[in-house]
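Here the structure comes first, spelled out in structure tokens, and everything after it is commentary.
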Amino acid sequence: MTDVLVVGGGLAGLMAVIEASAAGASALLLEKREIMGGSAVVTPGLIAFAGTDEQREAGVEDGVDKLRKSLLSAGKGYCNTDLVDAYCSEQLTLYRWLKDGGLEFGPPHGGSNQSVPRSHAVDTEKLVNFLVGEAERVHATIEQSTRVERLLVKGDRVVGALVKDTSGQRE
């Protein structure tokens, strides 16, 4: 039995299982592949942060209001403003947590619809390894090579999942 089931071991899934476990829930992450990281492991590893050490060193003045405006502009009206606001208010805390965890960010550069340089490059392999380590530290359970075929729903609650491992075993 688990309190929180997370499907997918990308950055969002890893953060979700970390936060759930850190809050005291029993959390299980199921990843269909043998490796963690989802699409992040094949991207250039750019994260938009505002108000960073790297921006100050480069003489870039930035802040939450500018970041929010840029994100909403990039979304062209399709953004969930509550999620944009949540990211904007917590992004610097995330940045500091990652830096305190030993991750290094490159100098900021411009990106799509950004009013100032704020894309920070990070080694995605190191980022994923750090997040997996944090998940282990908070006692989250991660099962790789386990494909979720469908969620089992009773009423308005997810009560389980039909999964298949690499041997074809279902549970």
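Condition test on Leu11, is it in the same structural domain as His139 (by TED's automatic domain parsing), touching a Ser or Thr at 6+ places or on another chain (Cβ under 6 Å) and either of a type outside the set (S, T, N, Q) or closer than 20 Å to Trp97 by Cβ (or both)? Quick ask: steps written out before the conclusion?
On the way: in the same structural domain as His139 (by TED's automatic domain parsing): yes; touching a Ser or Thr at 6+ places or on another chain (Cβ under 6 Å): no; either of a type outside the set (S, T, N, Q) or closer than 20 Å to Trp97 by Cβ (or both): yes.
When the stated conditions are applied, Leu11 does not pass them.
For segment 33-46, does any single residue satisfy the condition of being of a type outside the set (Ser, Thr, Tyr), in a strand (DSSP E or B) and more than 27 Å from Ser167 (Cβ to Cβ)?
Step one: list which residues in segment 33-46 are of a type outside the set (Ser, Thr, Tyr), which gives 33-38, 40-42, 44-46.
From the residues that got through so far, the ones that are in a strand (DSSP E or B) too are 37, 46.
If we keep only those that are more than 27 Å from Ser167 (Cβ to Cβ) as well, we get 46.
Checking segment 33-46: at least one residue is of a type outside the set (Ser, Thr, Tyr), in a strand (DSSP E or B) and more than 27 Å from Ser167 (Cβ to Cβ).
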* Structure fact -> In the set Val60, Val84, Val6, the lone residue that is β-branched (Val, Ile, Thr) and either within 25 Å of Arg147 (Cα to Cα) or surrounded by fewer than 15 Cβ atoms within 10 Å (Cβ to Cβ) (or both) is Val6
* Look through segment 54-74, keep the residues that are under 11 Å from Ser115 (Cβ atoms) and among the charged types (D, E, K, R), and return whichever of them is farthest from the chain's Cα centre (by Cα). => Glu61
* Asked: Going by the structure shown, is Val116 aliphatic (A, V, I, L, M), over 16 Å from the mean Cα position of the chain (by Cα) and surrounded by 15 or more Cβ atoms within 10 Å (Cβ to Cβ)?
  -> yes
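Are any residues in segment 119-155 of a type in the set (Ser, Thr, Tyr) and either surrounded by fewer than 13 Cβ atoms within 10 Å (Cβ to Cβ) or at positive phi (or both), and if so, which ones? Write out each step before concluding.
Of the residues in segment 119-155, the ones of a type in the set (Ser, Thr, Tyr) are 119, 124, 141, 145-146.
Selection gives Ser145 alone.
The values are calculated or read from the model by the stated rules, or taken from the named source; none is laboratory data. For clarity, every value in this text was computed on a predicted model and none was experimentally measured. Cβ: placed from backbone, ideal geometry, glycine included. Neighbour counts: every protein chain shown.
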